[in-house]
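The structure under discussion appears below in the form of structure tokens.
The values are calculated or read from the model by the stated rules, or taken from the named source; none is laboratory data. The shown structure was predicted, so the numbers you read here are calculated from the model rather than taken from an experiment. Glycine also receives a Cβ, built like all others from the backbone with ideal geometry; neighbour counts cover every protein chain displayed. Side chains included, ligands, DNA and RNA excluded: accessible areas come from the protein's heavy atoms. Shrake-Rupley method; radii C 1.70, N 1.55, O 1.52, S 1.80 Å.
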Amino acid sequence: KCGACGPGYATPLDAMRGKYRPREEIVYLPCIYRNTGIEKPDYLATVDVDPKSPRYCQVIHRLPMPNLKDELHHSGWNACSSCFGDATKRRNRLILPSLISSRIYVVDVGTDLRAPRIHKIVEPVELFRKGNMANPHTSHCLGSGDILISCLGDPSGNGKGGFILLDGETFEVKSNWESEGKVAPLGYDFWYQPRHNVLMSTEWGAPKAFKDGFNLADIEKGYYGQRINVWDWSTHAYIQAIDLGKGSIPLEIRFLHNPDAAEGFVGCALSSTVHRFYKTEKGDWAAEKVIEVPSKKVQGWLLPDMPGLITDILISLDDRFLYFSNWLHGDIRQYDISDTRRPRLVGQVFLGGSITTGGPVTVVEDKELQCQPEPFVIKGRRVPGGPQMIQLSLDGKRLYVSSSLYSGWDKQFYPDLVKEGSVMLQLDVDTEKGGLKVNKDFLVDFGKEPDGPVLAHEIRYPGGDCTSDIWV
């Protein structure tokens, strides 16, 4: 056992198969009230996921924020496996940006893992004043000890794909990360890979466009993204844009976990495609479409063609399986990516969605299914909405799923989800041949929260997970 190591694990396979890797016992989820009609501050929920615990599948702690309408969204760590070589670092602070208010909460999870408390609040004016940035989204710790946060816009709500750097000790805003000059037009998620001197970022949309819902006309106005943006890791310069097609809206981006790998995948929401990006022989970067989910021709919906809407993707720590959610169609998919250029579908399960039987939508042409899926019911609860955020256990055997995307879009596309609250589910994963199966004993119903319903979003483990840890 490492006697002088920092947080996380030395390698992805150590995290997956290591002797000292514990099973997840609790998870954290931000719970959102914005657009529900309930005037209460968002909170961070701690959920017991230990089957041996008497409080299994229960919210065991709630940490309310001191402000209204933050729209808590994604979270990250002050230190993770990128800091493994530094024994002075601890994974004891959860970085919790607010997508709409632009506030950043630093949450102390080190004093009591099961009862987090607020350590510091970075007010929006600090982002505005020191970086001319707003709408923070993805947070990753760096090997240097600092924290890098991607942003979606400027303080006026215009699209702007830049980054804010936080001091890893004081959590003060230090500056922008990107060098002066050309910046990406839009922002969203990112992943970095120092061994190839690169950071890759993606594009959702301009905050003024997506804030209150989705309007198809905003695609033509250029308010929604279509590029992977490539940054030089050492100089922080914006060096390349990989165009994935107008209206594609590339969201979550993942390098393979192997830090030597010069490739990864990005999920595009509106085009419902997954692209493999890779380093070319010339040394620049390119992308190729490797998965496409066909749209379904429908009646009774806002458009005649319904996309799957790929909203979250992740890769198992051994780089063998790729998972993603189709929020509108309602399914989770598992692909074997042993051959990264030819992913092979090996698991699929429907967990709700917009095309279930008995609903307002009729499918008139479907290139994949013979009939519309049945509504998803678990423990007597008919689940509204569709599968959205996903998180895989370190050993790859359990996939956790939550159903809220973003409150403004939840309200537009799944009004029953906003009225009834979201859920968290768990799928059992076949890690040998592939395959997904719903755990019928697992349900966290956020519609039954004491001051609910609420919309629970991204899932985090205290010990790190497939989407927070980067190996350098």
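Here are a few things to note about the model shown:
- Given [x] 29.0; [y] 20.6; [z] 24.1, the label whose value is mean projected area of the Cα convex hull in nm² derived from this model: [y]
- Where chymotrypsin sites (Phe, Trp or Tyr not before Pro) fall in DSSP loop in region 404-472, at most 14 other Cβ within 10 Å: none
- Cα gyration tensor shape for region 149-201, rounded if a/c is under 1.5, else prolate or oblate: oblate
- Computed extension gain for LEU113 through LYS297, at 0.36 nm per residue and net of the alpha carbon distance, reaches 61.5 nm.
- Separation between Cα centres of region 421-472 and region 69-85, rounded to whole Å: 17
- Length-normalised contact order of region 267-310 in % [C-alpha pairs under 8 Å, at least 6 apart]: 42
- Annotation note: chymotrypsin sites (Phe, Trp or Tyr not before Pro) in region 1-60 located in DSSP loop regions with a Cβ neighbour count of at most 13 within 10 Å are TYR20.
- Efficiency of FRET from Cβ geometry, LEU68 and ASP146, R₀ 45 Å, rounded to 0.05: 0.90
- A simple count of charges around LEU99, restricted to other residues whose Cβ falls under 9 Å of its Cβ and scoring Lys, Arg +1 and Asp, Glu -1, yields -2.
- For ASP428, the shell of other residues with beta-carbons less than 15 Å away shows a net charge of +1, using +1 for Lys and Arg and -1 for Asp and Glu.
- If the segment from GLU432 to GLU180 were pulled out straight at 0.36 nm per residue, it would be longer than the present Cα-Cα gap by 85.9 nm.
- Linear extension gain, ASN197 paired with GLN240, 0.36 nm per residue minus alpha-carbon span: 14.2 nm
- Relative contact order, percent, the chain [alpha-carbon distance under 8 Å, six or more residues apart]: 13
- The Cβ shell under 11 Å around SER75 holds other residues with a net charge of 0, Lys and Arg each +1, Asp and Glu each -1.
- Cβ-Cβ distance of LYS279 and GLU169, R₀ of 30 Å, FRET efficiency by 1/(1 + (r/R0)^6): the value works out to about 0.30.
- Accessible surface of ARG114 - all protein chains present, 1.4 Å probe, nearest 10 Å²: 100
- Legend: distances between Cα atoms for LYS211/LYS411; LYS40/LYS69; LYS297/LYS437; LYS208/LYS297; pairs beyond 18 Å are LYS297/LYS437; LYS208/LYS297.
- Mean-position separation - Cα centroids, region 348-411 and region 109-185, in angstrom: 32
- Taking packing as the residue-averaged number of other Cβ atoms within 10 angstrom, the listed peptides 358-367, 143-152 run from highest to lowest as 143-152, 358-367.
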